[in-house]
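The structure appears right after this line, and notes come after that.
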Amino acid sequence: MADLGRAALVVSLGLSVYALVAGTMSARTNRRRLAASARNALYCSFGSTLIAAIVLATALVRHDFSFAYVAAHTNRTLPTAYTLSAFWGGQEGSLLLWLLVLTGYGALAVALNRKLMRDLTAWVVPVLGGIAAFFGFVLVAVASPFDTQTAPLDGAGLTPSLQNPYMVAHPPMLYLGYVGLSIPFAFAAGAMLSGHTDERWIVATRRWTLAAWAFLGFGQLLGAHWAYVEVGWGGYYAWDPVENAALMPWLAATAFLHSVMIQERKGMLKVWNMVLVALAFELSVFGTFLTRSGVVNSIHSFAKSPIGSWFLAFVVLSTIFSLVLIMWRLPLLKARTKLESALSREAAFLYNNLLLVALCLTVLWGVLFPIVTQLVKGESRTIGRPYYDFFLRAFGLPLLLLMGVGPLIAWRKTSVRALARTLAWPLVVTVACGIALAFAGAGSSKPGLIAYTFSAFVLASIVLELVRGTRVTGSVFTLIARNRRRYGGYIVHAAIVLLAIGIAGSSAYGRSKEVRLIPGQSTSIGGYTLTLRDVRRTPTPNAIETRAVFDVSGRWHGSLSSGDNQYFFPPEPSREVGIKTSWLRAEDLYVIADDVNLKTKVVYAKILVKPLVNLIWIAGIVFLLGSAVALWPDAREQRRLVARLAPARA
């Protein structure tokens, strides 16, 4: 079986190299049979990679510990779902998943577009082949998941923090997002290589970009919820370098999705879009470098390995490739029209993009700073949370405001008077909400109050747009069906508003308390009274569970337990928190038992009340809904696409 897996990866590597070389030759010489051959090699590389993936999955399910990877990441007592999640729980398996998704995405994207854009896809094939060849080489020559050994009686087991339902879904979601950004990058590169830098490549890859962006965004929220319930520190995002590695390409992709609308409608920002799509792709690969190089310390990263240097080389070479292409095609990327007014929807999109990119680069500098100081001064200096929080407020709050202004402002240009009339009702709602919130006590945190009032402005703008449109169509469902892309975007904007309110509420208005208790003693916080009832230890097949049990009264009556699990395989502890969610009050009671002494029954605990934190998780559902609406196939749009591409095909 291991030989079959290795052979399949070698075949994948050979096919990818062939797609790169033959695809380049056919695109340069316009040889159609050779182009079809290169295309078929790309298709077949997915098949051979799928065989390798099936071999590894089978070895995991069968507990075949002769595979070094299986022995290192599973054991016999591990539940089946977590056994399968070990596929991406280790370095080699996660790289195989990357290659599987990449070849699958690439084969499907080329197959769907080869007839509409034959001249462009001829160059897309070698670009995708080159990316796949790199990952195939790493899996064959540097980090193979099919290394074998003398089989031990049992494996080392999966890291305790990964034994969580969210870890079954979170990494694949991120990979679908990371790898999905390769498709618009490949089509952008193909457009520049072929010299066809019109909007066809954007139209062809819009849904691919949307899907990758949606997967990446939802995957981050799944990871945030995992951190909230599993890591046990009371938060959901710590500005960890690997967390930031997923955020940066999402920010760049968000800017790209907004910017391409200007190019499609006005023929503007062509250079900007090429830069953004390249930036999103490079940051996705850079994030992979961070997790695998060992240059940053993170609970999310893998152990230090020689893979890091290969990924760094790939990031450098692909960045040079992108910059050379853009500089080469600058004459073809000149805009047909210019920005007519600073008060226009085009300008609002541009301001939005500048803020998104500024936030992205600010986060990037925060990630790079420890590495730079280590190289320059020989000592690593980190940038703390205040740095990130400051720039999140500095760039995030104006972004929130622009989300409300952008949809209401006219294309080309508008007057101050017309803009004031358009924004009148949203501004009235905003001022009223701000005054009400200030009287309700929200003014204790100025950033929180600003976030709330700006959120009210965005929601009022969305409602105003829906009301205006419904007056014409008679039904909100008909309205959305007529322009799914636009109104799906509004639903996503509503999700971002919920996210902003949840972050502001849980950060600015939360309460916490650290206590020392023995059985029978009580403490109160935020309308809750907690009484320590008992301290217990319970053996399970895979761990020993230690719990402090609290009786809760006040706003809610019941019990909560918190403590830790001491796992046998691997022999590591895992903190277990107690959480009681109140959906009506939109808050969580969160208990962390840091130190539980079974002999003295003394418990040191941290108790938190997290208002509005649940809106963050609700935002994830709304985000998925909006993304699905924007992605949903539209027959009329497809007819417009065929008509638009017909002259180019001719």
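Each value in this text was obtained by applying a stated rule to the coordinates, not by laboratory testing. Just so you know, these numbers come straight off a predicted model, no measurement behind them. All Cβ positions, glycine included, derive from the backbone under ideal geometry; neighbour counts span all protein chains shown.
For Pro611, neighbours were defined as the other residues whose beta-carbon sits under 14 Å from its Cβ, and their charges (Lys and Arg +1, Asp and Glu -1) total +3. Comparing Gly5, His63, Ala151 along the charge dipole axis of the range 1-157, the residue lying farthest to the positive side is Gly5, per the Cβ-charge model. Protection proxy ranking, highest mean first, for peptides 487-500, 570-583: 487-500, 570-583, where packing is the per-residue count of other beta-carbon atoms within 10 Å, averaged. Classify the chain as rounded, prolate or oblate from the Cα gyration tensor: take a ≥ b ≥ c as the square roots of its eigenvalues, call it rounded if a/c is under 1.5, otherwise prolate when a/b beats b/c and oblate if not. Here the chain falls in the oblate category. Residues whose amide H falls under 5 Å from that of Leu158, counting only those 5 or more places apart or on a different chain, are Asn75, with hydrogens built in the peptide plane. Across the cross-link table entries Lys413/Lys446; Lys377/Lys446; Lys270/Lys446; Lys266/Lys446; Lys513/Lys599, which are compared at the Cα atoms, the separations over 31 Å belong to Lys413/Lys446; Lys377/Lys446; Lys270/Lys446; Lys266/Lys446.
When a/c is below 1.5 the answer is rounded, else prolate if a/b is larger than b/c, else oblate, so apply that to the range 55-141 with a ≥ b ≥ c taken from the square roots of the Cα gyration tensor eigenvalues. Walk me through the numbers before you get to the answer.
Working: a/c = 4.38, a/b = 2.55, b/c = 1.72.
Prolate is the answer for the range 55-141, as a/c is 1.5 or above and a/b outweighs b/c.
Phi angles of the range 455-465 translate, via the Karplus equation with coefficients 6.51, -1.76, 1.60 and θ = phi - 60°, into HN-Hα couplings of 5, 4, 4, 5, 4, 5, 5, 5, 4, 4, 5 Hz per residue; Gly and Pro are given as x.
Given the peptides 186-198, 135-147, arrange them by the average over their residues of other C-beta atoms within 10 Å, most packed first.
Values: 186-198: 22.8, 135-147: 20.8.
Per-residue Cβ counts within 10 Å, averaged per peptide and sorted highest first, yield 186-198, 135-147.
Summing charges over neighbours of Ala508, with a neighbour being any other residue whose Cβ is under 12 Å away from its Cβ, gives +3 when K and R count +1 and D and E count -1. Indicate the gyration tensor shape class of the range 511-611 (rounded, prolate or oblate), computed on the Cα atoms with a ≥ b ≥ c the square roots of the eigenvalues: a/c under 1.5 is rounded; otherwise a/b larger than b/c is prolate and the rest oblate. In terms of gyration-tensor shape, prolate. Considering only C-alpha atoms, what is the centroid distance from the range 223-241 to the range 54-110, in Å? Result: 25 Å between the Cα centres. For the pair the range 358-413 and the range 488-558, the centres of their Cα atoms are 31 angstrom apart.
Straightening the chain between Asp147 and Ile544 buys 139.6 nm, computed as 0.36 nm per residue apart minus the Cα-Cα spacing. Put the Cα centre of the range 560-587 next to the Cα centre of the range 311-328 and the gap is 45 Å.
Take every Cα pair under 8 Å whose residues are at least 6 apart in sequence, average their separation, divide by the length of the chain, and the relative contact order is 11 percent. Global size of the range 149-299: 18.4, 66 Å for Rg and Dmax (C-alpha atoms, Rg to one decimal, Dmax whole).
Report the local net charge at Pro407: Lys and Arg +1, Asp and Glu -1, summed over other residues whose C-beta lies under 11 Å from its C-beta. Let's see the in-between values first.
Values: positive: Arg345, Arg468, Arg486; negative: Glu465.
After counting each charged neighbour, the total is +2.
From its DSSP helices (H runs of at least four residues, each -39,500 (n - 2.57)), the chain gives a residue-normalised ellipticity at 222 nm of -22000 deg cm²/dmol.
Normalising by the residue count of the range 511-611, find the relative contact order in percent from Cα pairs under 8 Å and 6+ residues apart. List each step's numbers first, then the result.
Numbers: 245 pairs, mean separation 27.7, N = 101.
For the range 511-611, the relative contact order is 27 percent.
Karplus-derived 3J(HN,Hα) values for the range 17-23, using 6.51 cos²θ - 1.76 cosθ + 1.60 with θ = phi - 60°, are 5, 5, 4, 5, 6, 5, x Hz; glycine and proline are entered as x.
Sorted from fewest to most neighbouring beta carbons within 10 Å, what does the list Phe623, Phe391 look like? Present the calculation step by step, with values, prior to reporting the outcome.
Numbers: Phe623 22, Phe391 17.
So the ranking, lowest neighbour count to highest, is Phe391, Phe623.
Dipole magnitude for the range 1-71: about 520 debye, using +1 per Lys or Arg Cβ and -1 per Asp or Glu Cβ, origin at the Cα centre. Across the range 531-552, the residues whose backbone nitrogen lies under 16 Å from the label position 7 Å along the beta-carbon direction of Lys580 are 531-534, 548-552.
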